[in-house]
Every structure is written in structure tokens, then in C-alpha cells.
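Every read-out reported here was derived from the displayed coordinates using simple, explicitly stated rules and does not represent laboratory data. A quick note: this is a predicted structure, and the numbers were derived from the prediction, not measured. Because the Cβ atoms are built from the backbone with ideal geometry, glycine has one as well, and the counts that use them run over all protein chains shown.
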């Protein structure tokens, strides 16, 4: 991660940095004699002493040193965005390798950055983490981090990640655990590759490290492999079909409860929602999931959390805000049955007219059924097809709702990590660069994101009633919860 310092882009008036003569455009080279690697490293170094020594580089190449009495607090500077680290693995089921051609450049970048793992729950294979970086994680207390283990058997892991030097993942995990770092882990499961005895060994090895050293493996999730229709010249990988998913659910649902009981009641082994949606069975109840919704960002418990909120919301007076509304809800094929049941119950209770339509994924192929990978053109096609079926009237619905997860926007705290030279738009962009205002203009009716729950959705519909959203930054009118915020250079 070595860099030649970090550039200062702004200095707060009256701050310690301004008093020390630091100006925007300067580069912060070192703090207390240690090179400054990035923003996280700056935050660590600046808190180590009451008096902080700085080495600064001017744009003209001259350098100077300063000392400030900051008492372990910040200096009053904003630092330039960090460049993200890229993945050195060649995983057989890497989604980036399965991308169709023609999308924006950032979609083909594979991020592999422990900083993003610590800050935002990105999973890292640790392929880019050498001994020095592992030591840094321990020293700076970047805990917990999220690690894609995939398989603890070295031979199987090499087959999965395509890197002969990265088979012994437990060596790196153990180094972190001994240093007091907690780790959340995951395995993407592909039939015949890392299931069966390989998966059982992975479970056993990581369970044994649940409270190893000073740190521990906090959780292990399993996610079914995702394959697109664009796997030309890639290794053959078997998909998880409904029969395989049903068998997996039947085999491992009891195991989830067994491990939870042995873990003081807190679920440790986690099954992603997609196992249940692919199997066509109801997701388990609330007790099946972590009390803190661990690995929610990895698709573990999203459906159950939505159902729990919907049940409470429909019984509340607030639900009457949907009364009489004619709304088309677009979503992915996997979530459509769940959303349809909720919409039907809401319609019965308050007299609303919500309809759910699963949008076919033409961009990635029919095997991709999750809402977050629907492109703008997929949603546009689904909406136009629905309007044609309803007689082609321009006012066939009062509003169209698109999945928040299908939108990317630069509104979260993750914008400190970005792809150099990329311009990110804030109005809400789909994977194929169609924007939310562009889709709304094409459809001719208010078009809003779903939010994370029915309460958010009602807020968005009411905002559209007021004309609050006219193509500006998405956060100015809508909840950002549920949006697929760009995290790092990989702006998917």
C-alpha cells in the first residue's frame, strides 16, 4: 500500500493545519517519522501522540516540517481520495469475468482492499495482503474484516481462486486472529467444486477458530454461486439449481440451529437468502438470523427483515398512506413471490392497488434473478410490456417503483475510495448508465426507488407527489438505505 504521501485537498480555516502553514495542494508525507499511506493510516498515526510531527511536500517540490499540539485529534485537513487495490485472484466464478461487454470501465475492476473490508464489509480473499499488510491490520486494529475463504482445503481453494500461491488461507486468517482481529468469513458454494466434504472441512476449520487466539471467526456464511449468460471461454462451473438448493436447505438449516445453540444462541453459520429463494421455500423466522443481522450486506436475512418490517407496517396507521394508489413494483424474479404476497396483504388491508412484476434480466441472462443486477433497460422493457398489456394508456399507473439495489449513487461515506479519473453521477444510475430521471422521462410517470421497506417506499411516493425529485442528487429526496452505494473504485 506504499504511496508517496497523501495529498491535502482542503484545510479548515483556523485549524491547527492552517496555523502550521499547510495549504491545499500540499502532500502529507510523514507523521512522527512514519510514511502516511492513506486516509485510514492518517487517522491512526495522528492519534498516537499529543504532539504530532509532520513532514509536508509543497507542489513546487520543496518540503518542510512542522509540529502541532493536537492532543491526539485531527489536524483540520481533508485528504484526497485513495486509490483502491485490485484483486490478484482468478476465481472461477468471478462475476467481473462474466460481465457482458460495453459497460463503463469501473464495472470491470476487481477490488481487493482490506480498507473497504474494514469500513464497509467488502469481502477480501486477502490475495493482495502480504505480511506487511497483515501486520498493519493488527497494528491499526482494523477489526473486524470480512474474508472470502471459499475453501480451507488448500487444493480445493487453489482450484476456486485460480492462484497457486493462495491455497493456505488459514495461515493468513490465523495470523490475524492471533493479533486480536475478528473476522467474518464467507464461502461462495459451487456444486462439485467446494461443497460436500470440502465444505464440511471449511465449516469445521473455521468453527474451531470461533474463539481462537485473541480474535475469533465471528461468522461463516455460504452463498450459492452466481453465473451469468456470459461465460464464454471461462472454466465450466455447475450452477445451483432448485433441486440442489432444496437439498442444501434441508441439510444445513438444522446445522445452523445446532451451531447457534453451541454459540450461546447467536447464529454463527449463516445461509444466504438465495438458497431459499432458489429452492422455492419460505425463509426461516427471525431467530434463524443473527441478533445484529450479521452479514446482511451479503444477502443474509434481507428477506426476513423485509417481511418483519412489512408485518408491523401493514398494521400501523401509516399504511393507510397507500390507500387508492396504483403502483407498479418492478423487482427481480427471485424476490417477486415474496413481494407479491406482501403487496397483496397491503392491498387487502388498506385498499391500495400495488402490482408486482418480475423484470427479466436480458443484460446478464435469465440465470441472474436478483434485483440488484437489473439494468435500466431491463426495467424499462418490463414497464413498457406491462403498459402494453394494460391497453397502452400513458397513465396506466400512478408511479413505477424500481429496486433501490439496482441503483448506484455517490451519496454515502464510501466516496473517499474511488477510481482515478472516473466521474460519478449523483442522480441515481443503473448498471448500464441509464439514470433514474431518464427512465422516468421515458415512462412518463413518477419513477422512484423502493427503499429498504414499505415505509421508505411510501416516503418516496409522497416525495414524488410533491415534485421533490426532479433529477438532482438522489439523497435530496429519497432514503439511501437499500441503494447499492459505490464502495471503492469498483462502482458497480
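Out of every Cα-Cα pair in segment 302-395, what percent are more than 20 Å apart? Pairs farther apart than 20 Å: 43 percent. With bins 5 Å wide beginning at 0, the percent of Cα pairs of segment 6-80 falling in each bin runs 3, 18, 32, 32, 13, 2, 0.
Evaluated on segment 96-300, the Kirkwood hydrodynamic radius is 17.7 Å, with distances taken between all distinct Cα atoms.
Would you mind calculating the relative contact order of segment 237-331 from Cα pairs under 8 angstrom and at least 6 residues apart, reporting the percent as a whole number?
Details: 76 pairs, mean separation 21.5, N = 95.
Over segment 237-331, the number comes to 23 percent.
Scaling against 2.2 N^0.38 Å puts the C-alpha radius of gyration of segment 256-327 at 1.35.
Please say if the chain is rounded, prolate or oblate, where rounded means a/c under 1.5 for a ≥ b ≥ c the square roots of the C-alpha gyration tensor eigenvalues, and otherwise the choice is prolate for a/b larger than b/c and oblate otherwise? Verdict is oblate for the chain. From most to least packed by mean Cβ count within 10 Å, the peptides 87-93, 341-347 give 87-93, 341-347. Computed extension length for residue 131-residue 19: 36.5 nm, one decimal, from 0.36 nm per residue of separation with the Cα-Cα distance subtracted. Normalised by the number of residues in segment 143-257, the mean separation of alpha-carbon contacts (under 8 Å, six or more apart) gives a relative contact order of 27 percent. Here's the picture: a label point sits 7 Å out from the Cα of residue 308 along the beta-carbon direction, and within segment 258-302 the residues with their amide nitrogen under 13 Å of it are 267, 284-296, 300-302.
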